[in-house]
Amino acid sequence: MPSLGVNIDHVATVRQARMTNEPDPIWAATLAELGGADGITLHLREDRRHIQDRDLHLMRQTVAVKLNLELACDEEVLKIACEARPYQATLVPERREEVTTEGGLDVLGGRKRVAEAVKRLQDAGVVVSLFLDPDTAQIEAGQAVGADAIELHTGAYARAAAESSSERELESLLSAGQFVREAGLTLHSGHGLTYRNVRPIAEMPGMCELNIGHSIISRAIMVGLEQAVRDMKQLIS
Ligand code: PXP
């Protein structure tokens with residue numbers, strides 16, 4: 001059964017909307033754990049639009065399950081990550097104008113930069129995952145730069161699933177997933193996963209970890225975070 005990493009960035013987004021101290025993502029992380037989350041995922045963006053440095057430092061002390069920090073290959077944030085030493089780091093691309101992470105990391109186009117980031121994080125004792133599109137050339141490059149895991153970007157699948165035309169995207173994720181496993185890397189997936197579309201992804205052979213944010217936090221507004229996490233855990237098991 002894949003483990004569930006709950007992305008709590010949206011809780012910080014609500015807080016930042018008023019530049020105040022509520023709701024606190026630290027509380028959210030605790031509630032997600034109580035609901036059965038196997039991991040807490042947070043993204044420290046260069047523009048600090050949601051998660052703040054303080055959140056990372058406090059969660060490093062309070063989160064008992066695996067802490068997964070998403071970050072770009074950016075010097076300032078890399079330095080913070082190497083000092084904070086979360087359990088895992090997921091390297092993602094970042095563009096200031098995007099609403100959320102829009103595509104996978106381009107390892108082929110930035111091999112040296114990614115390889116250096118992977119090495120620095122691993123030297124600090126951090127497990128490194130790369131967020132990639134289901135593209136074998138990118139996955140091969142990810143293996144070559146020494147990543148421990150690949151998180152397949154499920155955004156295209158999620159968009160197609162909303163229109164009931166997800167067969168082709170699912171096929172492409174399945175073959176990319178097989179490629180990741182045969183390369184000896186750990187298989188993760190995330191982005192756009194919901195209570196409706198998660199099942200085929202959770203059922204993919206060798207799936208180890210799913211990272212889900214928007215859908216869980218959306219449901220949490222209605223039913224509470226513990227319940228929302230419990231519902232998702234039940235679906236993926
Ligand atoms: N995985 C990665 C690498 C992401 O950047 C995000 C979004 O922050 C997610 C998973 C979660 O995506 P969603 O909020 O659509 O569930």
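Here are the numbers for the structure shown:
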quantity	calculated
Count of segment 35-56 residues which are within 11 Å of the ligand (Cβ to nearest atom) and within 22 Å of R219 (Cα to Cα)	5
Qualifying residue in segment 60-68 (condition: of a type in the set (A, V, I, L, M, F, W, C) and farther than 25 Å from S3 by Cβ)	no
Tally, over segment 136-155, of residues that are over 15 Å from Q122 (Cα atoms), of a type outside the set (A, V, I, L, M, F, W, C) and within 15 Å of the ligand (Cβ to nearest atom)	5
Test: residue in segment 165-179 that is of a type in the set (S, T, Y) and modelled with pLDDT under 95	yes
Segment 68-92 residues that are closer than 20 Å to G39 by Cβ, paired with ones that are of a type in the set (D, E, K, R) and modelled with pLDDT of 95 or more (beta carbon under 6 Å, 6 or more apart)	C82/R120; A84/R60; Y87/K66; T90/E70; T90/E151; V92/E70
Within segment 162-173, considering residues that are under 20 Å from the mean Cα position of the chain (by Cα) and either within 16 Å of the ligand (Cβ to nearest atom) or within 15 Å of P2 (Cα to Cα) (or both), the one surrounded by the fewest Cβ atoms within 10 Å (Cβ to Cβ)	E169
Test: residue in segment 57-67 that is more than 11 Å from the ligand (Cβ to nearest atom), out of contact with any Cys (no Cβ under 8 Å at 6 or more places or on another chain), under 26 Å from G125 (Cβ atoms) and touching a residue at least 40 places away in the same chain (Cβ under 8 Å)	yes
Which listed residue is touching a His at 6+ places or on another chain (Cβ under 7 Å), of a type in the set (G, A, S) and in a helix (DSSP H, G or I), from A17, A28, A12	A12
Only listed residue being of a type in the set (D, E), at pLDDT below 95 and under 18 Å from S129 (Cβ atoms), chosen from E98, E70, E94	E94
Leading residue by the ranking (farthest from the ligand (Cβ to nearest atom)) among those in segment 108-132 that are closer than 19 Å to E182 by Cα and in contact with a helix residue (DSSP H, G or I) (Cβ under 8 Å, 6 or more places away or on another chain)	V128
Single residue of segment 177-218 satisfying the filter (of a type in the set (V, I, T) and more than 11 Å from the ligand (Cβ to nearest atom)) that is nearest to A147 (Cα to Cα)	T186
Among the candidates Y157, Y195, residue that is aromatic (F, W, Y) and over 18 Å from G103 (Cα atoms)	Y195
Complete set of residues in segment 40-96 that are of a type in the set (D, E) and surrounded by fewer than 21 Cβ atoms within 10 Å (Cβ to Cβ)	E46, D47, D53, D74, E75, E76, E83, E94
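Every residue, every condition in (1) modelled with pLDDT of 95 or more; (2) under 23 Å from E83 (Cβ atoms); (3) of a type in the set (A, V, I, L, M), yes or no:
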residue: I8; (1), (2), (3): yes, yes, yes
residue: V14; (1), (2), (3): yes, no, yes
residue: R18; (1), (2), (3): yes, no, no
residue: A37; (1), (2), (3): yes, no, yes
residue: T41; (1), (2), (3): yes, yes, no
residue: I51; (1), (2), (3): yes, yes, yes
residue: M59; (1), (2), (3): yes, yes, yes
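The values are calculated or read from the model by the stated rules, or taken from the named source; none is laboratory data. These numbers come from a predicted model, not from an experiment. Positions of Cβ are generated from backbone atoms using ideal geometry, with glycine treated the same way; all protein chains shown enter the neighbour counts.
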